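Single-structure report; data block below.
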Amino acid sequence: MEVTRRNFIKSSAVLAAGSVFGGTTLLHANEKKQINPQLTQFQLACMTLPYSSFSMERALRGIKDAGYKYVAWGTTHMENGTRTPALAADASPEKAKDLAKRCRDMGLETLMMFSEVYPDAENGLETLTNRLKQAGAAGVPQVLTFGDIKGGDPKLWIERFKILGPIARDCGVLLVAKQHGGVTTGTGEACVKIIREVADDGVKVCYDGGNVLWYLDVDPIEDIKTCADEVRSFCIKDHRYFPKKITCGPGLGDIDHYKMLHPVAFTGLKMPLCCENIFAPYLPRPSKPEEIDALAKRALEFLELVTQGLQA
């Protein structure tokens, strides 16, 4: 049939209507695919660390009452007037399992635990191995490690992570390394070079934008773009420059969390966001646990708004 000008215009109108009113044109299908990628499951957790002046029991109760479903252990608490590890580095896997059950009985799932050892420390390999076994027994998916504030030894990190990766996988756990100062290991870009050299699914990156700014004055918004594909969790804290340089709770500093989390918002992965610093900048640290509860709740509500907004 001859394609007349009138037929062409009529066909074009039908095609356009299909796009606008829910038709199944290729253009519409592509647009739908672009705006509906697989969403990251952000898991919003609070570390027990902000409650270090109080007992583990009070920390867990406060975190639960603040509205969290998830918790991360770290690092010490006051128990009957004595500074006590949340979980000792040499504790048996059974003790870790007991602590995780205690959390679950309170309605909290544990997502992360501190290793409390540098990867290149003399006892690093031994301690990290036991931490992975603790986490495996307890059903805790991630063990966190990081380097000295002067920077770690990348060569030794790689050597040891290649040993620890298979152990982590055997335990059903991820060993994650975050930034903690020093040019050799203090940015996401530096950490991911190590992780890519290790090339083991048992070892990944934990991102700490507050530390990247605090220690090295590196912009986390640009830095995370270099490592986002290897990031599997976040230690959440913010950072401000004015009126003076300080770290603080999320949403109270200069970091744009929308921009920082956007590169990992559509991965289809579970992604723990563990609040490490929830405190207000420039104000004295709370002396009452109820005040910490309120700050924990504020941090949770802020992160809920950010993560929901990113994926809306």
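Structure data summary
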quantity: Which numbered condition Leu283 fails, given (1) surrounded by fewer than 18 Cβ atoms within 10 Å (Cβ to Cβ); (2) under 15 Å from the mean Cα position of the chain (by Cα); calculated: (2)
quantity: Selection within segment 252-264 - surrounded by fewer than 18 Cβ atoms within 10 Å (Cβ to Cβ) and in contact (Cβ under 8 Å) with a residue 40 or more places away in the chain; calculated: Asp254, Tyr258, His262
quantity: Count - residues of segment 47-79 that are more than 18 Å from Leu144 (Cβ to Cβ) and in contact with a Lys or Arg (Cβ under 7 Å, 6 or more places away or on another chain); calculated: 2
quantity: Qualifying positions in segment 112-169 - part of a loop (DSSP other than H, G, I, E, B) and among the β-branched types (Val, Ile, Thr); calculated: Val117, Val140, Ile149
quantity: Residue match in segment 81-104 (condition: in contact with a Pro (Cβ under 7 Å, 6 or more places away or on another chain), under 23 Å from Pro50 (Cα atoms) and not in a loop (DSSP other than H, G, I, E, B)); calculated: no
quantity: Any chance Gly165 is out of contact with any helix residue (DSSP H, G or I) (no Cβ under 7 Å at 6 or more places or on another chain), surrounded by 18 or more Cβ atoms within 10 Å (Cβ to Cβ) and either of a type in the set (Gly, Ala, Ser) or at pLDDT below 95 (or both); calculated: no
quantity: Close pairs (8 angstrom Cβ cut-off, 6 or more residues apart or separate chains): under 16 Å from Pro154 (Cβ atoms) in segment 111-134, of a type in the set (Ser, Thr, Tyr) and assigned to a helix (DSSP H, G or I) anywhere; calculated: Ala121/Thr127
quantity: Pro37 being over 28 Å from Asp105 (Cβ atoms), at pLDDT 50 or above and surrounded by 10 or more Cβ atoms within 10 Å (Cβ to Cβ); calculated: yes
quantity: Single match in Gln134, Gln142, Gln179 (criterion: more than 21 Å from Ile236 (Cβ to Cβ) and of a type in the set (S, T, N, Q)); calculated: Gln134
quantity: Glu222 vs. criteria out of contact with any Pro (no Cβ under 9 Å at 6 or more places or on another chain), more than 25 Å from Val203 (Cα to Cα) and surrounded by fewer than 16 Cβ atoms within 10 Å (Cβ to Cβ); calculated: no
quantity: Among (1) surrounded by fewer than 20 Cβ atoms within 10 Å (Cβ to Cβ); (2) among the charged types (D, E, K, R); (3) in contact with a strand residue (DSSP E or B) (Cβ under 8 Å, 6 or more places away or on another chain); (4) farther than 24 Å from Ile255 by Cβ - the single one Arg131 does not satisfy; calculated: (1)
quantity: Residues located in segment 55-76, provided they are out of contact with any strand residue (DSSP E or B) (no Cβ under 6 Å at 6 or more places or on another chain) and either more than 18 Å from Lys297 (Cα to Cα) or surrounded by fewer than 17 Cβ atoms within 10 Å (Cβ to Cβ) (or both); calculated: Glu57, Asp65, Gly67, Lys69
quantity: Which listed residue, of Gly309, Gly249, is buried (at least 23 other Cβ atoms within 10 Å of the Cβ) and of a type outside the set (Lys, Arg); calculated: Gly249
quantity: Hey, Glu94 in contact (Cβ under 8 Å) with a residue 40 or more places away in the chain, surrounded by fewer than 23 Cβ atoms within 10 Å (Cβ to Cβ) and in contact with a strand residue (DSSP E or B) (Cβ under 9 Å, 6 or more places away or on another chain) or not; calculated: no
quantity: Residues of segment 197-229 that turn out to be in contact with a Lys or Arg (Cβ under 7 Å, 6 or more places away or on another chain), closer than 14 Å to Arg240 by Cα and β-branched (Val, Ile, Thr), as a count; calculated: 0
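The values are calculated or read from the model by the stated rules, or taken from the named source; none is laboratory data. Just so it is clear, the model here is predicted, and its values are computed rather than measured. Quick reminder, even Gly has a Cβ in these numbers, built from the backbone with ideal geometry, and neighbours come from all protein chains shown.
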